[in-house]
1. Using the number of other C-beta atoms within 10 angstrom as an exposure proxy, rank S85, S78 with the fewest first.
2. Using Cβ contacts closer than 10 Å as the measure, can you line up F65, F158 from fewest to most?
3. Could you bin all the Cα-Cα distances of the chain into 10 Å bins starting at 0 and give me the percent of pairs in each, rounded to whole numbers?
4. Once label points are set 7 Å from the Cα along Cα→Cβ at both R9 and T185, what is their separation, rounded to one decimal in nm?
5. Along the charge dipole of the chain, which of A89, L178, A59 sits closest to the positive end, that is, farthest toward it, with unit charges on the beta carbon of Lys, Arg, Asp and Glu (+1, +1, -1, -1)?
6. With +1 assigned to the C-beta of every Lys and Arg and -1 to the C-beta of every Asp and Glu, and no other charges, what is the dipole magnitude of the chain about the Cα centre in debye, to the nearest 20?
7. Express in nm, to one decimal, how much length is gained between A142 and A89 on full extension, taking 0.36 nm for each residue of separation and deducting their alpha carbon distance.
Amino acid sequence: MARWEPDSRGRLVQAALVLYAERGFENTTVAEIAARAGLTERTFFRHFADKREVLFFGAAALEEFLVSAVETAPESASPIEAVTSALEAAGPLFEERRDSSRQRQQVIDANTELRERELIKLASLASALADALRRRGVADPAATLTAEAGIAVFRVAFARWVSDSDSRGLPEHIRESLGALQTVTAGR
C-alpha cells in the first residue's frame, strides 16, 4: 500500500456508507471500513475519532459557515431573514453531496444512537446561531426562538430534500418550509 493515498477521507466515508447500508451501523467495524477503502485502521483514526464521526465530521465546518453567514448578513435583515439566508447559502454545500446525504440519512434514521447524536449536533448548531444573533443585537428570547425555528425549518427541509425524487434544491425546500412555518404562526 502506498504511503499516501489521495482522498483518504472521502474513500473512508464512501466505504463506511456502503458497509452501513449492507451490514448496518452496529455490525460494521472500523477495520472493515478501512479495508473496504483500501486503507489501514491507523489512517481511519487519523481522520475520524470513531465510526460515528464518519457521519458527523462536517458539523463543525457547517456551524462555522452558518454562524459567519448570520454575522455578515445585512444589518437590515430581520433575525429570521439572517438565519434563513445563511441556511439557503449552505444549500450548495449539500447539493454536491446529495446521494451521500441520502445514504447518510438512511443510516442515521435506522439507528437510535445516531438519531440522538444528530439531535445533539443540531442543538449545538441552534445554540451557535442564537449566539450569532445575540452578537447582532437580537435579545432573548427572540435570538433563541429564531435559531431554534431556523433549525426546525432546516430539519424539515433537509428531510424532504433527501427523500424528494425531483430535482428541487435544498434552498427551495428551505423557503417552502419557512413559508409553512410563517403560515402556521400567522394563524391561517
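Coordinate-derived values only; no laboratory data. Just so we're clear, the structure is a prediction, and the values are computed from it rather than from any experiment. Note: ideal-geometry Cβ built from the backbone for every residue, glycine included; neighbour counts use all protein chains shown.
1. In order of increasing Cβ crowding within 10 Å: S78, S85.
2. Going from least to most buried by this count: F65, F158.
3. Histogramming the chain at 10 Å steps yields 9, 32, 32, 19, 7, 1, 0 percent.
4. 3.4 nm
5. Value: A59.
6. My answer is approximately 300 debye.
7. Between A142 and A89, full extension yields 16.9 nm more.
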